[in-house]
Amino acid sequence: MRGSNHSKLSDAVRRACFILAGLVALSPIATVKAQPYDVLDATKLIPEEDIPLTIVGRLVLDRWPDNFFAETEQVAFLPSNVIPGIDFSDDPLLQGRLFSYLDTQKSRLGTSNFHQIPVNAPKCPFQNFQRDGMMQTQVFKGRANYEPNSLAEAGEDGGPRESPQMGFVSAGRVALESDPAPKLRIRADMWRDALARHEAGRIRVTEVRSSDYIEANSILSFVLAKPIRRGQRAFVPGALDVPHSWTAISDAARTLVTVATDQRAWGKAWLTPSNPPLTVRALAIRFASVVGAPAPKLATIPYPVLWATGLFVPLVRELRATRYQFVSPFTVDSSVTEQTFGLAPSDLDSALKSVA
């Protein structure tokens, strides 16, 4: 805001002619996704007839700063600071600013404690794990600024704690918990997109689908094979006694080569030849017998533990999104592929030996 507009706004506020600005919100996610364009594209203007604006509040300008530096220059706006009921969209511009603005304010104001400056301090007191740093104005007691800790067991104040009931929960986490199979949907969407291009005559496509692989670098190897060979307990991210199909990686490769050179395969999805389903427990017993290991000891990883581990381990984070394969029956019927192309699954015991 420059020049005459700045002066008009200043004069209006000084005359107590309060300025009101409406705050708006977009329509539900389902409506947004139904649009034929990306509403998060910063180069696009969204027609109001497509997505009407909704007034959800108002911003009132009713006072001019008493000290321009203290109340304006020191303001630290962070889009990561949200109130209950507000969350972050997938807007790429917003996602970039969510982490960059914190560094920006640290550089501008010279300290990570800028939230204690009166103009930035929340009206409602809050707690966090930040206790030192330049220009710290509060005096914190106790030995630990991290959580969890065991100070309470020693009769000391354990410090602030998270509040699962009142704390912030991202819609991304809610979506994962309410939609436990996001990768299943993504895979289906990818195939539909490819098939649409095939039917339009733009490309030729086919798809090969497999169950969990039996190979040296598979989840099976890390979760079952290594601990079983060592006589250790194997921790499984799912149910132990539901039927599950298992695919040898060599069978998947052979099927890919076959369908890629056979016109009968184009425009269709094919299931890799796989052996009859086995539960995780039965497969573990079979593997131990093949490699001469002692009877396997198995345990299920509780989902809260799996979820928390995924915060730090990328592989486990991906495993959470495919957990649906291990908590319910996950079997494939590859008979059509076998009959059409004359393929057959590899011997299961031979495949298990390759894992060892």
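Between the helical axis of 280-291 and the dominant principal axis of the chain, each derived from Cα atoms, what acute angle in degrees is found, rounded to the nearest 10?
For 280-291 against the chain, the angle is about 50 degrees.
Name the shape class, rounded, prolate or oblate, that the alpha-carbon gyration tensor gives for segment 180-355, where a ≥ b ≥ c are the square roots of its eigenvalues, rounded holds for a/c under 1.5, and otherwise prolate holds if a/b is larger than b/c and oblate otherwise.
It is oblate, given that a/c is not under 1.5 and a/b is not larger than b/c.
Going by a ≥ b ≥ c, the root eigenvalues of the Cα gyration tensor, does segment 83-168 fall in the rounded group (a/c under 1.5), the prolate group (a/b larger than b/c) or the oblate group?
Taking the square roots of the gyration eigenvalues as a ≥ b ≥ c, segment 83-168 is oblate.
For the chain, take the longest principal axis of its alpha carbons; what is the angle in degrees between that and the long axis of helix 249-260, to the nearest 10 within 0 to 90?
90
Within the chain, what is the longest stretch that has no chymotrypsin sites (Phe, Trp or Tyr not before Pro) placed in a DSSP loop and near at most 16 other beta-carbon atoms within 10 Å?
169-265
Which residues make up the longest stretch of the chain clear of GluC sites (Glu not before Pro) that lie in a DSSP loop with no more than 15 other Cβ atoms within 10 Å, not counting the sites?
Free of exposed loop sites, the longest segment is 163-356.
Restricting attention to segment 213-280, which trypsin sites (Lys or Arg not before Pro) occupy a DSSP loop and are surrounded by at most 11 other Cβ atoms within 10 Å?
R230
Angle check, please: helix 3-14 long axis (alpha carbons) against the longest principal axis of the chain (alpha carbons), in degrees 0 to 90, nearest 10.
With both axes taken from Cα atoms, the answer is about 70 degrees.
Near the amide H of T300, under 5 Å away, which other amide H atoms are found, from residues 5 or more places off or on another chain, if H is placed in the peptide plane?
Answer set, sorted by chain and number: V236.
Around I51, with a cut-off of 13 angstrom between Cβ atoms, what is the net charge of the other residues, counting Lys and Arg +1 and Asp and Glu -1?
Neighbourhood net charge equals -2.
Given H placed on each backbone N at 1.01 Å, which residues far from T247 in sequence or on other chains put an amide H within less than 5 Å of it?
When sequence neighbours closer than 5 places are left aside, the close amide H contacts are S211, D212, Y213, I214.
Laboratory data are not the source of any read-out in this text; all were calculated from the coordinates shown. Predicted model only: the values in this text are computed from it and were never measured. No Cβ is skipped: glycine too gets one built from the backbone with ideal geometry, and neighbour counts run over all protein chains shown.
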